[in-house]
Every structure is written in structure tokens, then in C-alpha cells.
Amino acid sequence: QVQLVESGGGLVQPGGSLRLSCAASGRIFSINAMGWYRQAPGKQRELVAIIDSGGSTNYADSVKGRFTTSRDNAKNTVSLQRNSLKPEDTAVYYCNAVIRESWRSGPANYWGQGTQVTVSS
């Protein structure tokens with residue numbers, strides 16, 4: 001059983017910074033892409049940032065220049081450093097990873113439980 005556990009959410013003032021972390025554990029043979037999605041009230045879940053196993057990244061236009069994602073392949077972790085936060089960044093943030101549990105299995109999509117981030121004064 002694979003689990004993704006997030007940490008680091010909370011309340012932050014506009015212009016502030018917050019770092020999210022996510023750790024994958026369990027039966028893991030390999031991890032392909034890892035990333036972050038968010039879902040604001042009344043809106044669909046959207047991609048925020050993604051990083052592949054080689055370290056190449058891709059960001060949503062709305063967060064480029066403000067958010068940075070990184071990963072530690074040895075520890076199976078991914079982080080999201082968010083600076084210059086805006087009220088519109090308020091959402092539940094979800095960690096995502098594409099993981100193979102064994103050499104025989106194909107890649108499967110896994111999600112964290114989500115962590116609330118509120119940007120407000």
C-alpha cells in the first residue's frame with residue numbers, strides 16, 4: 001500500500017511564504033512524476049507544479065516565478081516553496097505521484113489527503 005502524506009499547510013498573510021512537503025511511503029519500486037494540485041471552493045482541481053524523475057519542472061502560469069517545486073529521489077519526497085502568496089492561492093493543496101509498486105506493475109496515480117492553505121490578512 002502506497003501512501004502520500006502532506007505537511008505544511010496553514011494560514012498566511014498576503015505576500016508571505018509557506019512550504020509544503022509530501023512524503024511517499026510503502027511499496028515503491030519507482031516514482032515517475034511528482035506534483036502538486038489545488039482545488040479552491042467551487043472550482044475544479046488544477047495543476048500547480050510538476051517535476052519528473054530527472055528534475056524537469058512545469059508550472060501553472062498563475063504561479064510561475066512565485067512557486068518552486070523540488071524533490072529528493074532518495075527520500076521519495078517532494079516540496080513546494082510558495083512565495084508572494086495571494087488570496088487567490090487559497091485552496092486545498094494535494095500532492096500527487098505516479099508510482100510503480102513493483103517491476104511487474106504499471107504506473108499508478110496516487111494522491112495525498114490534501115492540506116488547507118489560506119491566504120488572508
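What residue, among those in region 56-73 that are part of a loop (DSSP other than H, G, I, E, B) and not small (Gly, Ala, Ser), is surrounded by the most Cβ atoms within 10 Å (Cβ to Cβ)? Quick ask: steps written out before the conclusion?
To start, the set of residues in region 56-73 that are part of a loop (DSSP other than H, G, I, E, B) comprises 56, 60-66, 73.
This time we only want the ones that are not small (Gly, Ala, Ser), so: 61, 63-64, 66, 73.
Values: 61: 6, 63: 22, 64: 11, 66: 15, 73: 13.
The residue in question is 63.
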Please go through region 74-89 and pick out each residue that is touching a Lys or Arg at 6+ places or on another chain (Cβ under 9 Å), assigned to a loop (DSSP other than H, G, I, E, B) and not hydrophobic (A, V, I, L, M, F, W, C). 83, 84, 86
Close pairs (6 angstrom Cβ cut-off, 6 or more residues apart or separate chains): open to solvent by 10 Å² or more (accessible area, probe 1.4 Å) in region 74-93, in a loop (DSSP other than H, G, I, E, B) and among the polar types (S, T, N, Q) anywhere: 83/17
In region 90-102, which residues are assigned to a loop (DSSP other than H, G, I, E, B) and within 27 Å of residue 14 (Cα to Cα)? 90
If I filter region 1-16 down to residues being modelled with pLDDT of 95 or more and among the small types (Gly, Ala, Ser), which single residue comes out as surrounded by the fewest Cβ atoms within 10 Å (Cβ to Cβ)? 15
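Please determine, by comparing only the residues of region 103-121 that are open to solvent by less than 40 Å² (accessible area, probe 1.4 Å) and either out of contact with any strand residue (DSSP E or B) (no Cβ under 8 Å at 6 or more places or on another chain) or in a strand (DSSP E or B) (or both), which one is nearest to residue 36 (Cα to Cα).
Step one: list which residues in region 103-121 are open to solvent by less than 40 Å² (accessible area, probe 1.4 Å), which gives 105, 108, 112, 114-115, 117, 119.
Next, from what is left, pick out any that are either out of contact with any strand residue (DSSP E or B) (no Cβ under 8 Å at 6 or more places or on another chain) or in a strand (DSSP E or B) (or both): 105, 108, 115, 117, 119.
Working: 105: 24, 108: 16, 115: 11, 117: 13, 119: 17 Å.
Of everything passing the filter in region 103-121, 115 is nearest to residue 36 (Cα to Cα).
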Here the residues within region 19-55 that are surrounded by fewer than 19 Cβ atoms within 10 Å (Cβ to Cβ) and either hydroxyl-bearing (Ser, Thr, Tyr) or assigned to a strand (DSSP E or B) (or both) are 19, 21, 23, 25, 30, 32, 33, 39, 46, 47, 53
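The values are calculated or read from the model by the stated rules, or taken from the named source; none is laboratory data. Please read these numbers as outputs of a predicted model, since none were measured by experiment. When we count neighbours, we look across all protein chains shown, and the Cβ atoms used for this are built from the backbone with ideal geometry, even at glycine. Accessible surface areas use protein heavy atoms only, side chains included; no ligands, DNA or RNA. Shrake-Rupley method; radii C 1.70, N 1.55, O 1.52, S 1.80 Å.
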